[in-house]
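All remarks here apply to the structure that follows.
The values are calculated or read from the model by the stated rules, or taken from the named source; none is laboratory data. Not measured: the values here are computed from a predicted model. Every residue, glycine among them, receives a Cβ derived from its backbone with ideal geometry; neighbour counts consider all protein chains shown. Ligands, DNA and RNA are stripped out before the accessible areas are found, and what is left, the full protein with its side chains, is counted by its heavy atoms. Shrake-Rupley method; radii C 1.70, N 1.55, O 1.52, S 1.80 Å.
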Amino acid sequence: MQENPPFLDQELFFAHLKASRLGLPFRHFPTLPSTNQYLLEEAAREAPEGMLAVAEAQTAGRGRHRRLWHSPPGKNLYFSLLLWPDTSPLRLSQLAMVTALALREAVLRQAPALPLALKWPNDLWLQGRKLSGILCECPPQEKEGRRGIVLGVGLNVNSLPEDFPPELRETATSLLWHVGTPFSRERLLADFCNALQPLYEQWLPEENLAPFLPLWRAHDALAGREIAVDRPNGRVTGTLLGYTDQGLMLLKTPQGVETISAGDVHVRPLPQRPAQG
């Protein structure tokens, strides 16, 4: 008989949590359809900034472009965080890249040598495979004149290859799969909040992402690569040149340089390294 998957230890999470603005109120569920959907509904009830919703499993977890996010119970992190930033709604999409930087820092606090790369606009890659995804959604309601945003994160922590459906085993990975030893989900979750708070506070008064782009460029999975971007009006292919201070992609195409605000980026996966340790 298969053992029940371990639940996240809330006391251990709070023991590692140092952030004063993020991670509270804390909501923890055995199962949710979607942590993002839960917080979007809570935002409609004017839930406070910093509310964190975590699910051991999701029955309707989703990534960008309405894709389903594979969510086996008790192994990974599926969570969402609610923010009410005092800034222009036009800037909110920039928080996807800020969130990815914070998530990368949180993982590196447990495994400093991991070659974690950033894939625009909001994924973490490990040796050319997807380790995490981030889905940012804005509730339609405002609170005190501010537009909220829900930051949804799926991070593959302790999944094994057999935990992934066959169609994902060539493109996805997990920390356990790569390193060979399990990671503390509680510490990863707390360290994400700890890492995001100073980045969020730095971003709020800025006009753009300029202070964050040097770090992004240093770990950019797409730098100089031939890529294809699927947009609502069709696919465009070219070579990545970089990003604007607003976080828009600059792509060199046969027709010239195009500025891309959103899209689904495709590159050839790199081979997986054997597990270490």
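Data overview
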| item | result |
| --- | --- |
| When residues of the range 247-263 are limited to those that are out of contact with any Ser or Thr (no Cβ under 8 Å at 6 or more places or on another chain) and in a strand (DSSP E or B), the one least open to solvent (accessible area, probe 1.4 Å) | 260 |
| Residue 67 of a type in the set (Lys, Arg), modelled with pLDDT of 95 or more and open to solvent by 50 Å² or more (accessible area, probe 1.4 Å) | no |
| Any hit, the range 236-246, residues being within 30 Å of residue 90 (Cβ to Cβ), in contact with a strand residue (DSSP E or B) (Cβ under 6 Å, 6 or more places away or on another chain) and assigned to a loop (DSSP other than H, G, I, E, B) | no |
| Any strands (runs of 3 or more DSSP E) falling wholly within the range 113-187 and containing at least 3 residues that are open to solvent by 20 Å² or more (accessible area, probe 1.4 Å) | 129-137 |
| Tally of residues being among the β-branched types (Val, Ile, Thr), within 23 Å of residue 200 (Cβ to Cβ) and surrounded by fewer than 21 Cβ atoms within 10 Å (Cβ to Cβ) across the range 25-45 | 0 |
| Which numbered condition residue 78 fails, given (1) touching a strand residue (DSSP E or B) at 6+ places or on another chain (Cβ under 9 Å); (2) at pLDDT 95 or above; (3) assigned to a loop (DSSP other than H, G, I, E, B) | (3) |
| Of all residues making up the range 1-55, the number that are among the polar types (S, T, N, Q) and either under 19 Å from residue 134 (Cβ atoms) or in a strand (DSSP E or B) (or both) | 5 |
| Residue within the range 99-116 that is basic (Lys, Arg) and more than 21 Å from residue 245 (Cβ to Cβ) present | yes |
| Residue under evaluation residue 48, criteria (1) of a type outside the set (D, E, K, R); (2) crowded, with 20+ Cβ neighbours inside 10 Å; (3) at pLDDT 85 or above, criterion not met | (2) |
| Matching residues in the range 219-235 - criterion: being touching a strand residue (DSSP E or B) at 6+ places or on another chain (Cβ under 9 Å) and open to solvent by 70 Å² or more (accessible area, probe 1.4 Å) | 226, 235 |
